[in-house]
Amino acid sequence: MYYSLLSSSICIPLAVSLQPKTTWTSTKFNNEKKVGSCTRVPRNFNMEKLQSGYLFPEIGMRESEHTQKYPHARLIRLGIGDTTEPIPDIITSAMAEHVHALSTVKGYRGYGAEQGNMELRMAIAETFYRDLGVKGNEVFVSDGAQCDISRLQLLLGSNVSMAVQDPSFPAYLDCGVIVGRAGNFQEKTGTYDNIVYMKCGPENNFFPDLSTTSKTDIIFFCSPNNPTGYAASRQQLQQLVDFAKANGSMIIYDSAYATYVSDDSPRSIFEIPGAKEVAIEISSFSKFAGFTGVRLGWTVVPEELRYSNGFPVMKDYNRIVCTCFNGASSIAQAGGLACLSKEGYRALTTVVDYYKGNAEILVDAFSSLGLKAYGGKNAPYVWVHFPGKSSWDVFNEILEKTHIVTIPGGGFGPGGEGYVRVSGFGHRERILEASMRLKNLYK
């Protein structure tokens, strides 16, 4: 279990239960064993608004407890979206070569540019944004998309309003709470005041009804979506861009799963005319290159994007990067360049297809049981509906009876209640074994 010493000088678990929703009251604090002495520094009020531990450490804690309870069980992890297949040799060899060069006078390099190696920035622009007008200087290389989400929240500050898809990746909302954008949490609805939740479910084809969506300054939008696996169509994204333009809003577009798109759905928001005037795009090497541990991502901030006073957003983001970040690891960037070589990209496409094959197997398994399974085509995630059931109850049932870890949909927002997310990241034999266990449970 993980612990943190808070300003109250009380040692409490970081991964507090997400079921039910929990807040730390003075009574709870008083019942805790006190350690050390108090400072005069108050706790950040916005941190107190967070309702529970972050979703994925909570899943890890429950997984650990289950392993202790059933030490001989063969656990199958289809929860946290961590890649499992080896990184192709052409890529790891490039990183190894770079590492060895660091032990030589000729090859040693220290600090690099905070914005990233220009060769890599150009390669990203050419590989993912060819013919879309994105230039290398608009690409900022980072240590991952999730870190960039936090940097963008810092960039935009607390005095702006925000909207999120519901359900959505929890970092968007939690970071917004931390920087001070959220009002009070409403237990009855499971939502924060001052945050607009854009419902995205099968009833609206996983795209919000923009005609009834309130105007906000920032719109967080992920496509292909985590957790639903749905990729927005060109027409839908055009509606989103037009909506942002009409309201003077800024879109933060997460394209971390773009390489999984199998149909004609856009892989970048910049495929939509006018998007460079209203959107920032964040992306990652994690899920297409297996860099979940290596850590490498990027953010595109177009030169055309301006604040209300006409000042370029890119200049402020450059200042944030230079102030708060020393640049991505040169070793990881060497790997990134190898990923974008012809041979490297071809090898990674094979791995992506492997994961999509896993997702297809899971979709077929749930569909054979009469359950509605969404996603799995343009993303490695399968979004399964269990009508009338609590998502945490389904999570617990699957874990207890099949020793399979999933993710309860309620952890992605109130719109995820009644669903679980199942990941296609895994070795094929484990995916097939999981399918068999699930069929035995729900047959």
Those residues of the range 401-414 which are part of a helix (DSSP H, G or I) and touching a helix residue (DSSP H, G or I) at 6+ places or on another chain (Cβ under 8 Å), in sequence order
Lys401, Thr402, Gly409, Gly410, Gly411, Phe412
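Residue-wise test of (1) at positive phi; (2) open to solvent by 50 Å² or more (accessible area, probe 1.4 Å); (3) of a type outside the set (Gly, Ala, Ser).
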site	(1), (2), (3)
Gly376	yes, no, no
His403	yes, no, yes
Gly409	no, no, no
Phe425	no, no, yes
Arg428	no, yes, yes
Out of (1) within 26 Å of the chain's Cα centre (by Cα); (2) part of a loop (DSSP other than H, G, I, E, B); (3) of a type in the set (Ser, Thr, Tyr), the one Thr92 does not meet is (2)
Condition check: in contact with a Leu (Cβ under 7 Å, 6 or more places away or on another chain) and surrounded by fewer than 19 Cβ atoms within 10 Å (Cβ to Cβ). Does Thr92 satisfy that?
no
Thr127 fails exactly one of the following numbered conditions: (1) free of Cβ contacts under 8 Å to residues at least 60 places away in the same chain; (2) open to solvent by 40 Å² or more (accessible area, probe 1.4 Å). What is the number of that condition?
(1)
Condition first: open to solvent by 10 Å² or more (accessible area, probe 1.4 Å) and acidic (Asp, Glu). Now tell me which residues in the range 143-165 satisfy that.
Asp143
Could you grab me the full set of residues in the range 82-138 that are basic (Lys, Arg) and farther than 25 Å from Glu271 by Cβ?
Lys106, Arg109
If the Cβ limit is 9 Å and pairs must be 6+ apart or interchain, which residue in the range 53-74 that is touching a residue at least 24 places away in the same chain (Cβ under 8 Å) pairs with which residue that is in a helix (DSSP H, G or I) and small (Gly, Ala, Ser)?
Tyr54/Ala171; Leu55/Gly411; Phe56/Gly411; Glu58/Gly411; Ile59/Gly411
Counting just the residues of the range 434-443 that are modelled with pLDDT of 95 or more and open to solvent by less than 50 Å² (accessible area, probe 1.4 Å), which one comes out farthest from the chain's Cα centre (by Cα)?
Leu441
Output the residues belonging to the range 205-230 that are open to solvent by 30 Å² or more (accessible area, probe 1.4 Å), over 21 Å from Gln153 (Cα atoms) and not charged (D, E, K, R).
Asn205, Ser211, Thr212, Tyr230
In contact with a Ser or Thr (Cβ under 8 Å, 6 or more places away or on another chain) and either hydrophobic (A, V, I, L, M, F, W, C) or at pLDDT below 95 (or both): does that describe Leu55?
no
Hey, could you check the range 188-210 for residues that are hydrophobic (A, V, I, L, M, F, W, C) and not in a strand (DSSP E or B) and say which is farthest from Ser52 (Cα to Cα)?
Leu210
For the structure I just gave you, tell me whether Val160 is touching a residue at least 24 places away in the same chain (Cβ under 8 Å) and either over 24 Å from Asn44 (Cβ atoms) or assigned to a loop (DSSP other than H, G, I, E, B) (or both).
yes
The range 350-381 - residue that is over 22 Å from the mean Cα position of the chain (by Cα) and outside any loop (DSSP other than H, G, I, E, B) and, of those, farthest from Leu340 (Cα to Cα):
Ser368
May I ask you to list the residues in the range 23-52 that are at pLDDT below 85 and exposed (fewer than 14 other Cβ atoms within 10 Å of the Cβ)?
Thr23, Thr25, Ser26, Thr27, Lys28, Asn30, Asn31, Lys33, Lys34, Val35, Gly36
In the range 365-374, which residues are touching a residue at least 60 places away in the same chain (Cβ under 8 Å) and surrounded by fewer than 19 Cβ atoms within 10 Å (Cβ to Cβ)?
Ser368, Leu369, Leu371, Lys372
Considering each residue of the range 70-86, count those that are modelled with pLDDT of 95 or more and either part of a helix (DSSP H, G or I) or open to solvent by less than 30 Å² (accessible area, probe 1.4 Å) (or both), and give that number.
4
For Lys188: the one exception among (1) charged (D, E, K, R); (2) free of Cβ contacts under 8 Å to residues at least 24 places away in the same chain; (3) under 15 Å from Asn226 (Cα atoms)
(3)
For the range 104-111, check the following and say yes or no: at least one residue is over 30 Å from Lys135 (Cβ atoms) and either in a strand (DSSP E or B) or at pLDDT below 80 (or both).
no
Can you pull out the residues in the range 389-398 that are in a helix (DSSP H, G or I) and either surrounded by 24 or more Cβ atoms within 10 Å (Cβ to Cβ) or free of Cβ contacts under 8 Å to residues at least 60 places away in the same chain (or both)?
Ser391, Asp393, Val394, Phe395, Asn396, Glu397, Ile398
Ile10 passes all but one of the listed conditions (1) modelled with pLDDT of 65 or more; (2) open to solvent by less than 30 Å² (accessible area, probe 1.4 Å); the exception is number (1)
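The values are calculated or read from the model by the stated rules, or taken from the named source; none is laboratory data. Keep in mind the model is a prediction, meaning the values are calculated, not measured. Neighbour counts are summed over all protein chains in view; Cβ atoms, including those assigned to glycine, are modelled from backbone coordinates with ideal geometry. We work out accessible area using only protein heavy atoms, side chains counted, and drop any ligands, DNA or RNA first. Shrake-Rupley method; radii C 1.70, N 1.55, O 1.52, S 1.80 Å.
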